[in-house]
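Pasting in a structure now, in C-alpha coordinates, and then I'll have a few things to ask.
The values are calculated or read from the model by the stated rules, or taken from the named source; none is laboratory data. This structure is a prediction, so every number in the text was calculated from the model and none was measured. Neighbour counts run over all protein chains shown; Cβ positions are idealised from the backbone, glycine included. In case anyone asks, the SASA skips ligands and DNA or RNA and just uses the protein heavy atoms, side chains included. Shrake-Rupley method; radii C 1.70, N 1.55, O 1.52, S 1.80 Å.
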Amino acid sequence: MYSGSETNVQVKRESDIRAPSAQPPGPAPGQQSPMNQNPLSMTPGEPGTRTPASGTAAQTQAAKIRFEPQALSLKAGQTATIGVVVENVNDLFSIPLLLQYNPAVISVEEVQHGGFLSGGTQEIAIVQRVDKEHGQAIISATRQPNTPGVSGSGTLIGIVIKALAPGSSNLSIVQVNAKDSQQKLIPLVTSEATLQVQP
(Lines give C-alpha, C1' and ligand atoms only; values in the text may rest on other atoms or scores of the structure.)
Protein backbone atom coordinates (compact mmCIF):
# COMPACT_ATOMS: atom_id res chain seq x y z
CA MET A 1 0.00 0.00 0.00
CA TYR A 2 1.07 3.47 -0.78
CA SER A 3 0.85 6.19 1.77
CA GLY A 4 -1.09 9.16 0.37
CA SER A 5 1.84 11.10 -1.03
CA GLU A 6 0.80 14.18 -2.98
CA THR A 7 2.70 16.00 -5.67
CA ASN A 8 2.53 19.76 -5.75
CA VAL A 9 2.69 21.17 -9.28
CA GLN A 10 3.09 24.90 -9.69
CA VAL A 11 2.25 26.48 -13.02
CA LYS A 12 3.98 29.74 -13.78
CA ARG A 13 1.88 32.25 -15.68
CA GLU A 14 3.28 34.90 -17.99
CA SER A 15 2.61 37.50 -15.32
CA ASP A 16 5.05 35.72 -12.97
CA ILE A 17 7.94 36.06 -15.39
CA ARG A 18 8.10 39.83 -15.24
CA ALA A 19 7.56 41.03 -11.69
CA PRO A 20 5.21 44.04 -11.72
CA SER A 21 7.02 45.53 -8.71
CA ALA A 22 10.28 45.98 -10.64
CA GLN A 23 9.40 49.23 -12.34
CA PRO A 24 12.12 51.01 -14.30
CA PRO A 25 12.74 54.67 -13.50
CA GLY A 26 10.65 57.00 -15.60
CA PRO A 27 7.46 59.04 -15.68
CA ALA A 28 4.47 58.13 -13.56
CA PRO A 29 2.72 55.08 -15.08
CA GLY A 30 -0.60 55.56 -16.77
CA GLN A 31 -0.14 59.12 -18.04
CA GLN A 32 2.49 58.80 -20.71
CA SER A 33 2.02 59.90 -24.29
CA PRO A 34 2.44 56.94 -26.69
CA MET A 35 4.63 58.95 -29.03
CA ASN A 36 7.16 59.75 -26.28
CA GLN A 37 8.48 56.24 -26.40
CA ASN A 38 11.26 55.13 -28.70
CA PRO A 39 10.18 51.99 -30.57
CA LEU A 40 13.82 50.96 -31.02
CA SER A 41 14.12 50.46 -27.27
CA MET A 42 11.73 47.49 -27.69
CA THR A 43 9.99 48.23 -24.37
CA PRO A 44 6.82 49.93 -25.61
CA GLY A 45 4.67 49.03 -22.60
CA GLU A 46 4.54 50.06 -18.97
CA PRO A 47 4.59 47.52 -16.13
CA GLY A 48 1.22 46.79 -14.61
CA THR A 49 -0.86 48.20 -17.47
CA ARG A 50 -1.03 45.10 -19.65
CA THR A 51 -3.06 42.04 -18.79
CA PRO A 52 -1.54 38.61 -19.49
CA ALA A 53 -2.82 36.72 -22.51
CA SER A 54 -5.37 34.09 -21.58
CA GLY A 55 -5.50 31.82 -24.61
CA THR A 56 -2.69 32.69 -27.05
CA ALA A 57 -0.71 29.49 -26.66
CA ALA A 58 -0.94 28.23 -30.24
CA GLN A 59 1.37 30.55 -32.16
CA THR A 60 3.23 27.87 -34.09
CA GLN A 61 2.23 28.93 -37.63
CA ALA A 62 5.25 29.94 -39.69
CA ALA A 63 5.29 33.70 -40.26
CA LYS A 64 7.23 35.35 -43.08
CA ILE A 65 8.55 38.78 -44.00
CA ARG A 66 9.49 39.58 -47.59
CA PHE A 67 9.88 42.36 -50.14
CA GLU A 68 7.33 43.15 -52.84
CA PRO A 69 8.45 43.15 -55.61
CA GLN A 70 11.38 40.80 -55.02
CA ALA A 71 13.17 41.86 -58.22
CA LEU A 72 13.32 45.37 -59.66
CA SER A 73 15.15 47.11 -62.48
CA LEU A 74 15.75 50.88 -62.43
CA LYS A 75 17.68 53.44 -64.40
CA ALA A 76 20.25 55.57 -62.59
CA GLY A 77 18.49 58.51 -60.94
CA GLN A 78 15.09 56.81 -60.74
CA THR A 79 13.23 56.11 -57.49
CA ALA A 80 10.80 53.30 -56.65
CA THR A 81 8.92 52.08 -53.59
CA ILE A 82 9.43 48.52 -52.35
CA GLY A 83 6.92 47.11 -49.87
CA VAL A 84 7.89 45.12 -46.79
CA VAL A 85 5.15 42.50 -46.46
CA VAL A 86 4.42 40.22 -43.49
CA GLU A 87 2.47 36.97 -43.83
CA ASN A 88 0.70 34.80 -41.24
CA VAL A 89 1.71 36.90 -38.23
CA ASN A 90 -0.19 36.60 -34.98
CA ASP A 91 -0.58 39.53 -32.54
CA LEU A 92 2.23 41.60 -34.12
CA PHE A 93 2.89 44.64 -31.94
CA SER A 94 6.37 45.96 -32.78
CA ILE A 95 8.95 45.10 -35.43
CA PRO A 96 12.45 46.58 -35.63
CA LEU A 97 14.39 45.69 -38.80
CA LEU A 98 17.99 46.03 -39.92
CA LEU A 99 18.30 46.31 -43.71
CA GLN A 100 21.50 46.04 -45.70
CA TYR A 101 22.23 47.07 -49.31
CA ASN A 102 25.05 48.16 -51.65
CA PRO A 103 25.48 51.91 -51.01
CA ALA A 104 27.33 52.40 -54.31
CA VAL A 105 24.30 51.23 -56.31
CA ILE A 106 21.17 52.26 -54.37
CA SER A 107 20.16 54.33 -51.35
CA VAL A 108 17.21 54.30 -48.96
CA GLU A 109 15.53 57.70 -49.23
CA GLU A 110 12.33 57.42 -47.21
CA VAL A 111 10.17 55.06 -45.16
CA GLN A 112 6.38 55.18 -45.57
CA HIS A 113 3.47 53.73 -43.59
CA GLY A 114 2.19 50.49 -45.06
CA GLY A 115 -1.14 50.35 -43.23
CA PHE A 116 -1.03 46.79 -41.88
CA LEU A 117 0.28 47.53 -38.38
CA SER A 118 -2.15 50.41 -37.87
CA GLY A 119 -5.10 48.08 -38.42
CA GLY A 120 -6.68 50.88 -40.43
CA THR A 121 -7.58 52.90 -37.34
CA GLN A 122 -4.46 53.61 -35.32
CA GLU A 123 -1.47 55.88 -35.78
CA ILE A 124 1.76 53.93 -35.41
CA ALA A 125 5.25 55.13 -34.57
CA ILE A 126 7.90 54.64 -37.25
CA VAL A 127 11.54 55.35 -36.42
CA GLN A 128 14.26 55.22 -39.06
CA ARG A 129 18.03 55.59 -39.00
CA VAL A 130 19.66 55.34 -42.41
CA ASP A 131 23.43 55.04 -42.79
CA LYS A 132 23.89 55.76 -46.50
CA GLU A 133 27.67 55.50 -46.28
CA HIS A 134 27.62 51.89 -45.06
CA GLY A 135 24.39 50.82 -46.75
CA GLN A 136 22.37 50.08 -43.63
CA ALA A 137 18.94 51.17 -42.41
CA ILE A 138 17.38 50.54 -39.00
CA ILE A 139 13.59 50.82 -39.22
CA SER A 140 11.13 50.21 -36.41
CA ALA A 141 7.32 50.23 -36.47
CA THR A 142 5.37 50.03 -33.21
CA ARG A 143 1.72 50.17 -32.21
CA GLN A 144 0.51 52.38 -29.37
CA PRO A 145 0.99 51.04 -25.83
CA ASN A 146 -1.75 48.98 -24.17
CA THR A 147 -3.30 47.92 -27.48
CA PRO A 148 -3.50 44.40 -28.94
CA GLY A 149 -1.30 43.37 -31.85
CA VAL A 150 -2.42 42.77 -35.42
CA SER A 151 -2.80 39.33 -37.02
CA GLY A 152 -2.83 38.23 -40.66
CA SER A 153 -0.92 39.41 -43.72
CA GLY A 154 -0.29 42.81 -45.26
CA THR A 155 2.17 45.58 -46.14
CA LEU A 156 4.11 46.74 -43.11
CA ILE A 157 6.03 49.67 -44.59
CA GLY A 158 7.10 51.07 -47.95
CA ILE A 159 10.77 51.81 -48.60
CA VAL A 160 11.62 54.46 -51.20
CA ILE A 161 14.77 53.36 -53.05
CA LYS A 162 16.86 55.61 -55.28
CA ALA A 163 19.08 54.16 -58.02
CA LEU A 164 22.51 55.78 -57.82
CA ALA A 165 24.80 54.03 -60.31
CA PRO A 166 24.78 51.03 -62.69
CA GLY A 167 25.17 47.68 -61.00
CA SER A 168 23.22 45.24 -58.85
CA SER A 169 22.39 45.23 -55.16
CA ASN A 170 20.58 42.89 -52.81
CA LEU A 171 18.22 44.44 -50.30
CA SER A 172 18.40 42.11 -47.31
CA ILE A 173 16.76 41.90 -43.90
CA VAL A 174 19.78 40.90 -41.83
CA GLN A 175 18.10 41.26 -38.45
CA VAL A 176 14.47 41.34 -37.27
CA ASN A 177 13.12 41.40 -33.73
CA ALA A 178 9.32 41.20 -34.05
CA LYS A 179 7.35 41.01 -30.80
CA ASP A 180 3.72 40.48 -29.88
CA SER A 181 1.65 42.49 -27.41
CA GLN A 182 3.02 40.37 -24.54
CA GLN A 183 6.61 41.20 -25.62
CA LYS A 184 7.23 37.63 -26.78
CA LEU A 185 9.49 37.14 -29.79
CA ILE A 186 7.74 36.26 -33.08
CA PRO A 187 9.98 34.11 -35.34
CA LEU A 188 9.94 35.29 -38.95
CA VAL A 189 11.31 33.67 -42.11
CA THR A 190 13.11 36.42 -44.07
CA SER A 191 13.94 36.87 -47.73
CA GLU A 192 15.68 39.48 -49.87
CA ALA A 193 15.09 41.56 -52.98
CA THR A 194 17.41 41.99 -55.96
CA LEU A 195 17.74 45.38 -57.64
CA GLN A 196 19.38 46.03 -61.00
CA VAL A 197 20.38 49.57 -61.97
CA GLN A 198 20.83 50.34 -65.67
CA PRO A 199 22.88 53.28 -66.98
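For segment 92-164, what is the accessible area per residue in Å² when the probe is 1.4 Å?
Per-residue value: 40 Å².
Just add up the charged neighbours of LEU117: K/R +1, D/E -1, any other residue whose Cβ is under 15 Å from the Cβ of LEU117.
After counting each charged neighbour, the total is -2.
Per residue, how much space in cubic angstrom lies within the convex hull of the C-alpha atoms of segment 97-199?
Value for segment 97-199: 102 Å³ per residue.
So, with a 1.4 angstrom probe, what is the percent of accessible area on segment 74-199 that is carbon and sulfur?
46 percent
Right, here's the next one. Sorting check: for 124-134, 187-197, 86-96, which peptide has the highest mean count of neighbouring beta carbons within 10 Å, and how do the rest follow?
Most protected by this proxy first, the peptides run 86-96, 187-197, 124-134.
Net charge near ALA80: determine it from the other residues with C-beta under 13 Å of the C-beta of ALA80, scoring Lys and Arg +1 and Asp and Glu -1.
So the environment of ALA80 carries a net charge of -1.
Further question on the same structure: Return the lysines within reach of LYS75: Cα separation strictly under 24 angstrom, same-chain partners fewer than 8 residues apart disregarded; answer none if there are no such residues.
LYS132, LYS162
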